[in-house]
Amino acid sequence: MKNETILVVGGAGYIGSHMVKDLLETGHKVVILDDLSTGHRDLIPGGNFIEGGLGDAALLDRIFTSNRIDAVMHFAAFALVGESVEQPLKYYQNNVSATTELLSAMVRHDVKRFIFSSTAAVYGEPLEIPITENHPCNPTNPYGASKIAVERMLQDCDSAYGLRYISLRYFNASGAHESSQIGEKHQPETHLIPLILKVATNENKNVKIFGTDYPTPDGTCIRDYIHVSDLTQAHLLSLSALMEGGKSVVYNLGNSRGYSVREVIELARKMTGHRIPVVETDRRQGDPATLIASSDKIKRELGWKPQYEDLEKIIQTAWMWHQKEAK
Ligand code: UDP
């Protein structure tokens with residue numbers, strides 16, 4: 001049993017709740033800070049939940065004073081590409097300004113280990129595929145820009161304060177916990193796989209395809225889908241690395257395999273037996289055509305081994321969860 005205490009900021013959200021579950025099951029103590037702006041109380045699997053925002057300095061002081069926090073994991077970001085183009089300041093305010101408060105509180109209380117949820121959106125339009133961590137970062141949307149701003153801030157905090165961080169650049173998080181107790185729940189839902197499955201459960205009539213004129217074989221965007229539990233495993237490995245005195249580092253997390261929007265829909269049709277009608281519409285602003293990760297670095301350095309490399313396995317866990325939620 002580990003006795004580390006982890007502050008999970010955004011632990012009531014999709015990925016954060018899976019993280020809390022895995023931390024509790026691996027014997028960690030967990031404090032959760034979430035303002036429930038996009039999270040859900042009923043997704044929190046346990047731990048000590050505190051309702052509030054990550055930009056609240058007084059609240060952060062109370063949390064760091066009353067708990068001996070060994071590391072902070074930060075999942076509390078707005079993460080919608082399209083919305084970030086329409087409301088950039090909402091993204092800079094929460095994802096950058098509020099994160100500055102969180103990091104400042106960590107420095108005040110001498111908490112020096114941080115695991116950051118970054119994104120493939122930091123790269124922008126890829127110059128080469130698969131994308132390695134050395135690829136230039138030229139985000140095409142404010143969401144990606146807000147994440148790279150924090151990564152830059154983290155580099156500076158490492159130099160100035162000795163704050164050690166691991167930044168995990170997720171590609172497309174998807175799937176649900178194997179137990180079907182928790183899964184992807186956004187209000188409103190904007191992500192491709194849940195939207196497809198909501199057609200299969202007859203909650204929605206059709207799924208929109210955003211753009212069919214991309215420079216890809218079938219004209220639709222290609223993404224690298226990664227299971228949420230493979231993401232949380234990478235966080236556990238990152239935590240161990242930091243606890244053992246590891247240096248600050250950035251890792252990609254994906255499966256190194258891309259699927260077009262049409263391919264994802266086709267696979268879901270096969271798996272659910274539903275015809276899943278589609279409506280072809282214009283491109284969504286800010287979407288690069290293709291994003292596929294190279295995750296060799298984290299495999300090599302931390303021994304990360306994804307358990308759900310196959311998209312069919314990922315959709316299967318999501319489908320179980322959505323069927324349960326629709327009842
Ligand atoms: N997408 C789509 N229809 C939808 C939602 C998403 O065609 O209703 C596309 C979107 O343009 C992107 C891909 O599916 O190319 C994955 O989008 P999602 O929002 O799931 O994740 P993101 O890539 O923004 O992180």
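Here, each number is a calculation from the coordinates, and none is a lab measurement. Only a predicted model underlies this, so the values are computations on that prediction, with no experimental measurement involved. Cβ sites come from the backbone with ideal geometry, for glycine too, and all protein chains shown count toward neighbours.
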Given the structure, is residue 33 in a helix (DSSP H, G or I) and surrounded by 20 or more Cβ atoms within 10 Å (Cβ to Cβ)? no
When residues of segment 126-171 are filtered for being more than 24 Å from residue 227 (Cα to Cα) and among the acidic types (Asp, Glu), how many remain? 2
Sole exception among (1) closer than 16 Å to residue 20 by Cα; (2) over 21 Å from the mean Cα position of the chain (by Cα) for residue 210, by number: (1)
All but one of (1) within 16 Å of the ligand (Cβ to nearest atom); (2) touching a strand residue (DSSP E or B) at 6+ places or on another chain (Cβ under 8 Å); (3) touching a residue at least 60 places away in the same chain (Cβ under 8 Å); (4) more than 23 Å from residue 40 (Cβ to Cβ) hold for residue 218; state the number of the condition that does not hold. (3)
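Restricting attention to segment 4-18, does a residue exist that is over 19 Å from the mean Cα position of the chain (by Cα) and either touching a residue at least 40 places away in the same chain (Cβ under 8 Å) or not in a helix (DSSP H, G or I) (or both)?
The answer is yes, given that some residue of segment 4-18 is over 19 Å from the mean Cα position of the chain (by Cα) and either touching a residue at least 40 places away in the same chain (Cβ under 8 Å) or not in a helix (DSSP H, G or I) (or both).
Per-residue answers, yes or no, for (1) buried (at least 21 other Cβ atoms within 10 Å of the Cβ); (2) more than 16 Å from the ligand (Cβ to nearest atom):
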position: 248; (1), (2): no, yes
position: 251; (1), (2): yes, yes
position: 262; (1), (2): no, no
position: 270; (1), (2): no, yes
position: 290; (1), (2): no, no
position: 303; (1), (2): no, yes
position: 324; (1), (2): no, yes
position: 327; (1), (2): no, yes
Within segment 191-200, count every residue that is within 14 Å of residue 269 (Cα to Cα) and either surrounded by fewer than 16 Cβ atoms within 10 Å (Cβ to Cβ) or within 7 Å of the ligand (Cβ to nearest atom) (or both). 3
